[in-house]
Every structure is written in structure tokens, then in C-alpha cells.
């Protein structure tokens with residue numbers, strides 16, 4: 001199910017980006033095209049921050065996740081302020097939305113990591129069994 005949601009969101013993002021680019025090239029600058037490209041820029045910046053924070057290893061994983069969340073908050077709120085996505089009076093709502101989306105993405109990531117770990121453990125068990133059978137046959 002999580003793979004399905006992941007694929008749907010990726011397809012949705014690609015459709016929005018392509019629509020924004022087509023709109024920009026066909027009709028010139030518009031709010032939709034501008035917002036699409038601004039959002040793409042902010043998301044690329046967030047992922048670059050993720051790659052940079054992934055290089056930093058902390059003693060406590062919670063600290064690492066808090067650093068990621070702080071980076072996401074700073075980037076999205078700064079981008080929103082620069083591109084005038086929100087009014088300052090709605091700052092609390094923006095923080096809530098960002099934290100909720102981050103938590104959702106984190107939950108999907110945990111599910112995927114758990115599935116990957118289960119697959120690796122299963123492969124290790126199969127390898128041990130095949131070694132034991134090979135040793136018994138010798």
C-alpha cells in the first residue's frame with residue numbers, strides 16, 4: 001500500500017511540474033507556473049539539505065531527525081516568505097502543515113526501511129540454510 005501511495009505521489013508531482021512548465025511556455029508567466037517552479041525549487045533545496053544532514057552522524061537518532069525537521073521548517077518557511085505563499089498571521093498553520101507532511105513522509109520511510117530489513121533478514125536465513133545443506137552434503 002505504501003508503495004502505491006509513493007508512486008501516486010511521484011506521478012502527481014511529475015504531472016504538476018509538467019503542467020507548470022507547459023503553462024509557462026504556452027501562456028507565459030502565470031501564478032500557477034510560478035508557484036509550480038517555486039515549489040520545485042524549495043523541494044530540491046529540502047532534498048539537498050536531507051543529503052547534507054544524512055552525512056552528519058549523531059549519537060542519538062532523534063537529534064538527527066530534529067535537525068532534518070529544523071532544516072525543512074527553515075527552508076519551507078523561508079521559501080514561503082520569499083515567494084509570498086503565506087501571510088505572517090498564518091505562520092502557525094504553516095508550521096503545523098510542514099510538521100504533518102514531514103511526519104507522513106517519515107512514517108512512509110520507516111515502513112519502507114522495515115520492509116527492506118525484513119527482506120534482508122529473509123535472504124540471510126536462506127543463505128544460512130543453503131550453506132548448512134551444502135555442508136551436510138560434503
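The values are calculated or read from the model by the stated rules, or taken from the named source; none is laboratory data. Note that the structure is predicted; figures quoted are calculated from it, not measured. Positions of Cβ are backbone-derived with ideal geometry, glycine not excepted, and every protein chain shown enters the neighbour counts.
Suppose the filter is loosely packed, with under 12 Cβ neighbours inside 10 Å and not in a helix (DSSP H, G or I); does residue 57 pass it?
Details: loosely packed, with under 12 Cβ neighbours inside 10 Å: yes; not in a helix (DSSP H, G or I): yes.
Taking the combined requirement at face value, the residue satisfies it.
If you check 37, 24, 19 for being touching a helix residue (DSSP H, G or I) at 6+ places or on another chain (Cβ under 8 Å), at pLDDT 80 or above, exposed (fewer than 15 other Cβ atoms within 10 Å of the Cβ) and not in a loop (DSSP other than H, G, I, E, B), only one passes: 19.
If only residues of the stretch 68-125 that are surrounded by fewer than 11 Cβ atoms within 10 Å (Cβ to Cβ) and not in a helix (DSSP H, G or I) are counted, the one that is farthest from the chain's Cα centre (by Cα) is 87.
For residue 37, the criteria (1) farther than 19 Å from residue 86 by Cα; (2) over 15 Å from the mean Cα position of the chain (by Cα) hold in every case but one, which is (1).
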